[in-house]
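I have placed the structure first, in the form of structure tokens, so that the comments after it can refer back to it.
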Amino acid sequence: MRYKAQAPSNIALIKYMGKLDFEKNIPTNSSLSFSLPHFVTEVALEVIDEPVDCWNPLIKPGFLKPELSDKGQQRFLNYFSKLKEHYNVSRNFQIQSASNFSSDCGLASSASSFAALTKCADTAFRELGYEPKDETPLNVWSRQGSGSSCRSFFEPWALWTGEEAHSIALPFPDMNHEIVFLDAKKKEVSSGDAHRRVFTSPLMAERPQRAEQRLNQLIESLISRNWTRSYEIVKAEFEDMHELFETSTPAFTYRTQQSRDVVSWMDRYWQSHGDGPLVTMDAGPNIHLLFRADQFRLQRNMMNQIKDLFLK
Ligand code: DP6
């Protein structure tokens with residue numbers, strides 16, 4: 001029998017960066033994300049007659065053949081064995097996974113991967129007759145595999161604080177997401193390492209207060225449908241995270257000249273049009289844009305201009 005599950009990726013507008021507990025992935029501050037249902041990971045599980053679990057790529061039309069490093073595979077398998085322990089599962093499995101977007105380039109593929117693995121394992125184990133030791137919510141399990149994955153259980157908006165994540169009712173549930181895809185190179189510093197290194201930045205001491213304050217301001221501005229203010233807060237937030245990276249020891253950066261150019265262009269666009277998308281960057285050089293549903297014309301025109309200017 002083969003079991004399958006899918007989970008979406010998500011993009012944080014208030015970022016998870018820095019952990020209070022590295023074992024359990026307890027964040028130093030709350031984060032707020034918007035789910036990306038067009039970016040999904042699928043996981044398939046099958047019982048095997050082998051002495052250990054194994055991981056293999058899932059080959060599926062429309063999905064990319066994943067290249068999971070040995071370290072990445074081990075991380076996935078270690079997490080899976082913790083899940084097995086929790087359900088008291090004695091059998092071994094082949095895990096297969098693939099995403100329909102490129103991983104390791106600043107799009108949270110670990111978020112959708114760990115969420116899909118957790119969902120799939122829960123379904124498979126229960127159908128095979130195993131029950132968990134307690135009814136800890138799946139997002140809480142998933143968070144211990146990869147922090148940002150706990151937000152992938154909630155759509156469209158997810159709020160994660162400490163050990164708890166939930167959906168939050170906010171306006172603009174149908175925003176359209178675009179990526180200005182500047183660079184698909186593997187990251188030199190993984191987001192896992194970034195979570196450790198930011199503690200060497202002098203800006204980290206006040207970071208939790210800044211993030212919590214911005215979270216409240218963003219929720220307020222979204223609720224009052226103040227789109228311009230939301231743009232300003234979201235921009236200040238991703239720049240804050242990138243400044244943490246750039247002031248760490250040793251310093252590192254994901255921003256390229258091109259990403260800086262696109263962000264400045266966006267600013268000028270906003271200034272001249274009085275409107276535009278929300279703009280954010282994750283731990284990578286690519287730029288994420290979120291458009292209101294009614295901005296479809298602006299979105300099309302902007303994406304054409306960006307193609308001409310930056311993606312030749
Ligand atoms: C920059 O969830 O990948 O995307 O818990 O170590 O797996 P681990 O980290 P991860 O961190 C994501 C960080 C981020 C910002 C965010 O998604 O909030």
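Any read-out appearing in this document is the output of simple, stated calculations on the displayed coordinates, not a laboratory observation. It should be emphasised that the depicted structure is a prediction, and the values quoted were computed from it without experimental measurement. Neighbour counts run over all protein chains shown; Cβ positions are idealised from the backbone, glycine included.
Place a +1 charge on the Cβ of each Lys and Arg in the chain and a -1 charge on the Cβ of each Asp and Glu, then give the dipole magnitude about the Cα centre in debye, rounded to the nearest 20. Show your work: numbers first, answer last.
Working: 36 positive and 39 negative charges, 102 e Å.
In debye, rounded to 20, the chain gives about 480.
Need the C-alpha centroid separation for the range 123-191 versus the range 1-38, integer Å.
4 Å
Step through the table entries 119/235; 133/187; 71/119, compare each Cα-Cα distance with 30 Å, and write down the pairs that go over it.
On the way: 119/235 33 Å; 133/187 38 Å; 71/119 22 Å.
Pairs exceeding 30 Å: 119/235; 133/187.
For helix 70-86, what angle does its Cα long axis make with the longest principal axis of the chain, in degrees from 0 to 90 and rounded to 10?
So the helix axis and the longest Cα principal axis differ by about 60 degrees.
Arranged from highest to lowest average of other beta-carbon atoms within 10 Å per residue, in what order do the peptides 262-273, 47-58, 88-99, 231-242 appear?
Numbers: 262-273: 14.8, 47-58: 13.2, 88-99: 18.4, 231-242: 19.9.
Per-residue Cβ counts within 10 Å, averaged per peptide and sorted highest first, yield 231-242, 88-99, 262-273, 47-58.
Using just the helices of the chain, give the 222 nm mean residue ellipticity in deg cm²/dmol: DSSP H runs with n ≥ 4 each add -39,500 (n - 2.57), and the total is spread over all residues, rounded to 500. Mind showing how you got there, number by number?
Details: 8 runs with 120 residues, N = 312.
Computed mean residue ellipticity for the chain: -12500 deg cm²/dmol.
Could you state the angle between the C-alpha long axis of helix 207-223 and the longest principal axis of the C-alpha atoms of the chain, as a value from 0 to 90 degrees rounded to the nearest 10?
80 degrees
Relative to the longest principal axis of the C-alpha atoms of the chain, give the angle of the C-alpha long axis of helix 109-127, reported between 0 and 90° and rounded to the nearest 10°.
For 109-127 against the chain, the angle is about 30 degrees.
Residues with amide H under 5 Å of residue 95's amide H, sequence separation 5 or more or different chain, H placed in the peptide plane at 1.01 Å from N; which?
Long-range HN contacts for residue 95: 54, 55, 56.
Could you give the distance between the Cα centres of the range 58-72 and the range 277-312, to the whole Å?
Measuring centre to centre over Cα atoms gives 27 Å.
Of the options 179, 248, 204, report the single residue whose Cα projects farthest towards the positive end of the charge dipole of the range 173-307 (beta-carbon charges: Lys, Arg +1; Asp, Glu -1).
179
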